[in-house]
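Colleague: Mind looking over this structure? Questions follow.
The values are calculated or read from the model by the stated rules, or taken from the named source; none is laboratory data. The structure displayed is predicted, hence computed values, not measured ones. Here the Cβ positions follow ideal geometry from the backbone for every residue, glycine too, while neighbour counts run over all protein chains shown. In case anyone asks, the SASA skips ligands and DNA or RNA and just uses the protein heavy atoms, side chains included. Shrake-Rupley method; radii C 1.70, N 1.55, O 1.52, S 1.80 Å.
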Amino acid sequence: MDPVHKALLRTHRLELSGQLLVSDTIVPFLYQEDVLTDAHVEAIESQPNNRQKSLKLLELLPSRGPRAFSAFLRSLDDFSWVRDRLLLELQTEPGPGAGPGPTDTRQLPDSVLQKVPSDRDLSRLAVRLGSAWDAVLMDLGLSAEDLFRCRSDNPLSVHAAVLAGLVQWRRCQGRAATVQRLLQSLEAADVHLSVLEDVLMS
């Protein structure tokens, strides 16, 4: 889920939990759309009251992938005023003067996009990837066996394991191992692109 959407749900968490009746239509819709699993539905429905059920749903949603927020909005047919308010708030963000700056990754110059990242770039990226690192490396073309080897060769340091995988990708791809290719894999793994922006510009 996009960090902006996560922040919006977090900001309105208590307010939403007091307005939504999630059991009737919202949870069934999200289950139907494969946003929630059987285990998620059970965890929500086991809560003692509606507010707790709503809070549980809002706790689970941010980790349910890039489709979760739009599916949640579609589930709010019976609560259209809530949906309209969320959409209005999204349209008014970011605040005045906070538009994309010159370092917006989607507006990076071609010379940066086509650059092969340095050891320093890859090391800084390895620190920032968090739990999504294996999804990013697999999208870059590493196999499950490659990931296992990175882990087993670096059992005491996640950073070293991730860096080993990124270096292996760069070695295998050569000049095709570009910043633009990294951006594609970050997007595919639902990692906010500002992660790479921080690496390149700081």
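Colleague: Taking the stretch 113-133, which residues are over 16 Å from Glu197 (Cβ atoms), part of a helix (DSSP H, G or I), in contact (Cβ under 8 Å) with a residue 12 or more places away in the chain and open to solvent by 50 Å² or more (accessible area, probe 1.4 Å)?
Modeller: Correct list: Asp119 only.
Colleague: Within the stretch 58-71, is there a residue that is farther than 30 Å from Leu196 by Cβ, in contact with a helix residue (DSSP H, G or I) (Cβ under 7 Å, 6 or more places away or on another chain) and either in a helix (DSSP H, G or I) or modelled with pLDDT under 90 (or both)?
Modeller: Taking the stretch 58-71 as the starting set, the residues that turn out to be farther than 30 Å from Leu196 by Cβ are none.
No: zero hits.
Colleague: Checking Asp190 against (1) in contact with an Asp or Glu (Cβ under 7 Å, 6 or more places away or on another chain); (2) of a type in the set (D, E, K, R); (3) on the phi > 0 side of the Ramachandran plot, which test does it fail?
Modeller: (1)
Colleague: Return the residues of the stretch 166-178 that are more than 27 Å from Pro62 (Cα to Cα) and out of contact with any Phe, Trp or Tyr (no Cβ under 7 Å at 6 or more places or on another chain); say none if nothing qualifies.
Modeller: If the condition is that a residue be more than 27 Å from Pro62 (Cα to Cα) and out of contact with any Phe, Trp or Tyr (no Cβ under 7 Å at 6 or more places or on another chain), then Val167, Gln168, Trp169, Arg170, Arg171, Cys172, Gln173, Gly174, Arg175, Ala176, Thr178 are the ones that fit.
Colleague: Related question: Tally the residues that are farther than 20 Å from Asp84 by Cβ and open to solvent by less than 70 Å² (accessible area, probe 1.4 Å), restricting the search to the stretch 7-35.
Modeller: 5
Colleague: Would you mind finding the one in Val35, Val4, Val41 that is touching a residue at least 12 places away in the same chain (Cβ under 8 Å) and outside any helix (DSSP H, G or I)?
Modeller: Val35
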